[in-house]
There are 2 protein chains.
Amino acid sequence: MDQPSPPRPAVMIDVARLAGVSHQTVSRVLNGHPSVRSETRERVLTAVRQLNYRPNALARGLAGRRSRVLGVVSFDTILYGPAATLLGVERAARAAGYGVSIVTLEQLDHDGVGDALSALAEQSVAGVVIIAPFTNTAAALRSLPTGIPAVVVEAGTSGALPAISVDQVAGARLAVQHLLTLGHATVWHVRGPQNWREARDRESAWRSTLEEAGATVPPAIDGDWSARSGYEAGLRLAGDPRVTAVFCANDQQALGLLRAFHERGVRVPDDVSVVGFDDIPEAEFMSPPLTTIRQDFDEVGRRCLGMLLDLLDAPPDLLGEAYPRVAPALVARASTGPARS
Amino acid sequence: MDQPSPPRPAVMIDVARLAGVSHQTVSRVLNGHPSVRSETRERVLTAVRQLNYRPNALARGLAGRRSRVLGVVSFDTILYGPAATLLGVERAARAAGYGVSIVTLEQLDHDGVGDALSALAEQSVAGVVIIAPFTNTAAALRSLPTGIPAVVVEAGTSGALPAISVDQVAGARLAVQHLLTLGHATVWHVRGPQNWREARDRESAWRSTLEEAGATVPPAIDGDWSARSGYEAGLRLAGDPRVTAVFCANDQQALGLLRAFHERGVRVPDDVSVVGFDDIPEAEFMSPPLTTIRQDFDEVGRRCLGMLLDLLDAPPDLLGEAYPRVAPALVARASTGPARS
DNA sequence: AACGCGGCTGTGAACGCTAACAATCGTTCT
DNA sequence: AGAACGATTGTTAGCGTTCACAGCCGCGTT
């Protein structure tokens with residue numbers, strides 16, 4: 001006689017027996033196969049509920065082709081953008097009935113990405129989302145013949161890979177034009193790390209926007225996304241009377257910059273205007289509240305997943321440029337103002 | 001005749017054939033079984049390399065008992081602590097040869113946790129780490145007879161569940177005592193959301209530390225971890241001459257508070273000292289740099305994983321309180337100073 | 001000289017599910 | 001009326017591993 005709550009969780013055959021059908025019929029019901037008499041379907045569903053049956057995803061993946069798990073390759077640092085994107089992807093995946101397995105990389109190099117992908121392939125993920133917007137990611141991926149459908153996030157115009165990204169060029173242009181419109185003769189730039197695609201895109205858009213406006217292009221200051229690097233940049237910029245407007249490649253750097261300016265008695269926005277990038281939740285509460293470029297990471301995650309799902313059943317790679325960039329937006333706050341007269 | 005790069009990835013039997021052994025011997029080599037002649041082992045490993053064989057985790061999980069995947073239940077907001085902990089767990093898991101599947105919850109309630117756990121159970125994870133330090137998480141978990149080994153992060157002294165946490169009480173005490181030592185008559189508190197275990201722990205430690213010191217205990221101000229809530233608290237506190245020291249339940253709230261004080265002309269630390277909690281990377285670059293309590297989330301993640309792995313082969317729950325709390329540390333910066341004389 | 005034992009390897013059967021095909025039945029078409 | 005058809009269900013065979021149980025070998029024992 002069976003115990004009411006057996007140690008072993010119910011499997012499909014248990015459900016089948018209880019419902020008086022074959023295990024295949026149970027499978028059909030579970031997978032929404034059309035040709036099952038509705039009375040039978042009900043009987044099966046009742047049995048499922050009664051036994052608290054949950055299909056085993058491992059067996060499912062092994063038997064059929066597709067697993068209902070997606071892989072996400074992210075990396076090892078807590079940066080707002082990637083973290084927010086990951087969340088967006090996960091949420092969208094869950095909504096679509098997929099699980100999410102993550103791998104973070106410490107190495108940004110070829111092997112790192114390769115290993116991550118292998119680890120995911122081992123788990124038979126149906127597809128992967130790669131949130132690793134380094135300039136060399138695309139190259140690394142191209143040389144990996146894993147055959148898993150993949151979507152790259154934020155990789156910009158890298159080429160042959162399906163990618164979703166925020167329009168970095170438009171964002172940087174928004175920032176620079178905002179400052180120029182306020183009457184600043186030129187705009188300085190604290191850029192992000194050079195191995196990041198986005199950093200390069202922002203920098204080059206900054207440069208070309210200035211050039212188009214006929215403004216002189218000051219040298220870019222190096223940064224690495226961290227507040228500390230922004231702080232150091234701020235210390236260098238603080239003494240220079242030519243500096244009236246600074247565009248930071250992200251909000252953390254802007255925070256550090258603000259700190260340095262504050263220390264050195266540079267008033268923002270009276271002496272210098274500052275614009276950031278990302279619109280992290282804290283931006284509104286910096287001193288002063290930071291004007292910045294908002295990126296909708298949630299939307300990125302969502303589109304990214306949509307694209308991956310399309311990729312899963314649409315075999316060809318004809319999807320090329322069908323997916324438009326996500327548009328960034330300027331959020332004007334108190335850190336920017338008219339140029340000193 | 002086989003193509004050199006077949007569309008179908010190699011499976012164990014392919015390796016076996018190439019090495020001239022049985023599939024079982026291949027399995028033995030892969031799992032480090034002792035009784036394989038070293039010459040045979042070499043032969044198999046060579047074949048593995050040659051075919052670029054990777055064992056199928058799905059089949060492995062199905063056939064054997066254990067899958068090499070752990071689940072992490074997190075939730076839907078980008079908060080520094082949980083994000084950092086997740087990263088720590090993932091890193092530790094990867095080091096131990098485990099994959100990580102994540103599920104985020106939007107609902108904090110019983111069903112939310114239950115669904116998350118079911119989703120993970122479906123994937124046959126070997127164990128789960130739950131990063132959801134709500135006060136009701138413990139209750140929700142106890143009522144779930146899923147039978148999966150689980151470790152809860154940051155759940156404090158909740159009781160019957162294996163848990164790893166930073167010593168919130170010690171942390172809050174550190175903060176309050178730091179301020180009292182500086183000569184402040186009492187310390188105000190902007191607390192976190194009441195459904196968070198940690199928020200309650202910090203609040204009650206704040207209260208008891210004040211009481212022990214014979215200081216009056218002002219009413220706690222509500223917050224929800226966000227900078228905005230800190231800002232609002234700051235606006236309320238700014239007018240009050242009795243307020244000379246504020247302990248914020250996290251750094252974001254402290255940021256908002258600083259912003260509000262700045263707006264209202266309250267000088268920090270001259271008029272009011274402020275202490276935060278977490279030591280987010282930005283804390284050092286706030287205006288002024290924030291004195292705060294550092295939590296080592298990476299260590300939390302690591303211990304958490306260690307505990308889970310112990311739990312996996314050590315069946316009994318005799319591990320109870322064997323795992324000590326992670327000690328927090330005071331990081332003194334410029335936002336605190338002596339009381340006004 | 002036969003026995004037994006330990007190191008090494010192979011065989012068959014799960015694991016829980018889906019895919020492909022076969023079987024059954026009541027209809028509908030010619 | 002006989003056959004073919006569509007809807008519904010069952011049967012059999014894997015998916016790629018590990019597990020349990022044999023085999024085989026050569027050596028030291030009795």
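Miscellaneous remarks
- Share of alpha-carbon pairs per 20 Å distance bin for chain B, given as whole %: 28, 42, 21, 8, 0
- Only Lys, Arg, Asp and Glu carry charge here, each on its Cβ (+1 for the first two, -1 for the last two); on that basis chain A has a dipole of about 1120 debye about its Cα centre.
- Ordering A:A132, A:P289, A:A260 by the projection of their Cα atoms onto the charge dipole of chain A, which places +1 on the Cβ of Lys and Arg and -1 on the Cβ of Asp and Glu, puts A:A132 at the extreme positive end.
- Distances in nm from B:R49 to the matching label points in the other copies, shortest first (labels 7 Å along Cα to Cβ): 5.8
- Fraction of alpha-carbon pairs over 34 Å apart in the protein assembly as shown - percent: 53
- Charges were assigned to the Cβ only: +1 to each Lys and Arg, -1 to each Asp and Glu. The resulting dipole of the protein assembly as shown about its Cα centre is roughly 1600 debye.
- With label points defined 7 Å past Cα in the direction of Cβ, position A:D310 shows copy-to-copy spacings of 5.0 nm, given to one decimal and shortest first.
- Electrostatic dipole magnitude of the stretch B:168-295 [Cβ: Lys, Arg +1; Asp, Glu -1; Cα centre; debye, to 20]: 180
- FRET efficiency, B:T77 to B:S35 (Cβ-Cβ, R0 60 Å, nearest 0.05): 0.70
- Gaussian network model of chain A, Cα within-10 Å springs - most flexible of A:F277, A:F247, A:F261: A:F261
- DSSP beta bridges in the protein assembly as shown [antiparallel fraction, %, rounded to 5]: 15
- Paired Rg and Dmax values of the stretch B:15-113, which use every Cα atom, in angstrom: 19.3, 57
- The stretch A:197-318: relative contact order in percent, alpha carbon pairs under 8 Å with at least 6 residues between: 18
- Between helix A:297-313 and chain A: long-axis angle, C-alpha atoms, 0 to 90°, nearest 10: 40
- Chain B: angle of helix B:110-122 to the longest principal axis, Cα-based, in degrees nearest 10: 20
- Per-residue mean of C-beta atoms belonging to partner chains within 10 Å, peptide A:54-63: 6
- Computed Rg/Rh of the stretch A:12-55, alpha carbon atoms with Kirkwood Rh: 0.90
- Between copies, the label points of B:G147, set 7 Å from Cα on the Cα→Cβ line, lie 3.6 nm apart, reported in increasing order to one decimal in nanometres.
- Number of partner chain Cβ atoms within 10 Å, mean per residue of A:118-127: 4
- The stretch B:178-320: Cα Rg divided by the 2.2 N^0.38 Å rule of thumb: 1.21
- Relative contact order computed over the stretch B:12-55 (Cα-Cα under 8 Å; 6+ residues apart), in percent: 44
- Neighbour counts of other Cβ atoms within 10 Å put B:L312, A:L120, B:L257 in the fewest-to-most order B:L312, A:L120, B:L257.
- For chain A, relative contact order (Cα pairs under 8 Å, six or more residues apart, normalised by length) works out to 15 percent.
- Between helix A:197-212 and chain A there is an angle of about 40 degrees, using the helix long axis and the longest principal axis of the Cα atoms.
- Entry note, chain A: the mean residue ellipticity at 222 nm calculated from DSSP H runs of n ≥ 4, each adding -39500 (n - 2.57), is -13000 deg cm²/dmol after division by the residues and rounding to the nearest 500.
- Treating each Cα of the stretch B:196-258 as an identical point scatterer and summing with the Debye formula, the log10 of I(q)/I(0) at q = 0.28 Å⁻¹ comes to -1.25.
Each value in this text was obtained by applying a stated rule to the coordinates, not by laboratory testing. Worth saying up front: this structure is predicted, and the values here are computed from it rather than measured. Cβ: placed from backbone, ideal geometry, glycine included. Neighbour counts: every protein chain shown.
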